[in-house]
Amino acid sequence: MTKLLTTNSKIDKTLKLYPNYEASILQLLPGKSVCNNPFYKNCISDCLSFKGMAKVYPETVIGGRKKRLELLLSDTPSFMVKIKKEILNQIKRSLKKGYECCVRLNGFSDIDWTESKYFINGLDHVGTYNAVIFNYFYEVQFWDYTKNLERLKNNVYKNYHLTYSFIEATASQPSNIKESLEALRLGFNVAVIVKEKESWEVQLLKDKAQYRINGDESDFRFKDEFQNNSLVLLKEKV
């Protein structure tokens with residue numbers, strides 16, 4: 001069976017900066033069923049899931065992401081049992097090395113992991129049965145990007161770090177500039193893809209943000225020096 005939690009070049013690069021971490025990422029094939037935000041149509045055609053190594057080895061890379069997605073959609077309980085086992089194994093490896101453990105669950109998706117169908121079967125650290133994954137694995141640092149502003153605003157989990165993502169407009173869909181500005185106003189960080197030709201919306205975000213962060217140096221957004229009202233700048237990938 002396909003392994004759920006893997007790594008990628010960005011994670012590997014990040015671990016060179018933070019060698020005392022054991023990190024993994026869940027990379028699903030993106031689609032409407034797992035991209036739970038109003039701006040799905042904007043980013044699916046330009047998603048990173050179809051770039052990089054996916055272009056070089058489409059059968060292996062995209063095929064693996066498709067298999068993980070199919071398992072999630074066809075048998076969610078079995079998927080959650082498997083991901084529970086893999087995170088437990090990662091925690092064991094971390095403890096053996098004396099490392100911190102961190103997991104990114106939305107590599108190319110935007111799933112709300114607090115929905116009941118994604119609950120972890122078992123008692124968490126406070127005795128709750130069938131718990132939200134962030135409560136069950138309270139010792140793990142989780143992090144993600146999202147284009148769902150409400151989920152960002154309603155995140156109450158101290159071990160789950162979320163960064164909002166700005167997405168450009170397309171011919172059929174407006175951008176999320178309004179939501180991105182709101183995220184900055186509320187004190188969250190916003191990730192922006194830097195392109196050769198900068199739009200007026202990106203310039204507006206730069207004007208409104210207090211700090212700028214080089215997001216290409218590391219994927220650990222929870223380790224960024226500035227955690228409030230900042231832009232995370234990412235180079236466009238091909």
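Miscellaneous remarks
- In the range 102-133, the residues that are crowded, with 21+ Cβ neighbours inside 10 Å and under 22 Å from T14 (Cα atoms): C102, V103, R104, L105, N106, G107, F108, S109
- Scan of the range 147-166 for residues that are farther than 18 Å from I213 by Cβ and not acidic (D, E), ordered by number: K147, N148, L149, R151, K153, N154, N155, V156, Y157, K158, N159, Y160
- Of the residues making up the range 21-42, at least one is at pLDDT 95 or above and of a type in the set (S, T, Y).
- Considering only residues in the range 68-90 that are buried (at least 16 other Cβ atoms within 10 Å of the Cβ) and of a type in the set (K, R), the one that is nearest to A23 (Cα to Cα) turns out to be K84.
- Selection over the range 84-128 of residues that are on the phi > 0 side of the Ramachandran plot and in a loop (DSSP other than H, G, I, E, B) gives a count of 2.
The values are calculated or read from the model by the stated rules, or taken from the named source; none is laboratory data. All figures in this text were calculated on a predicted structure; none of them were measured in a lab. As a convention, Cβ positions derive from the backbone with ideal geometry for all residues, glycine included, and neighbour counts pool all protein chains shown.
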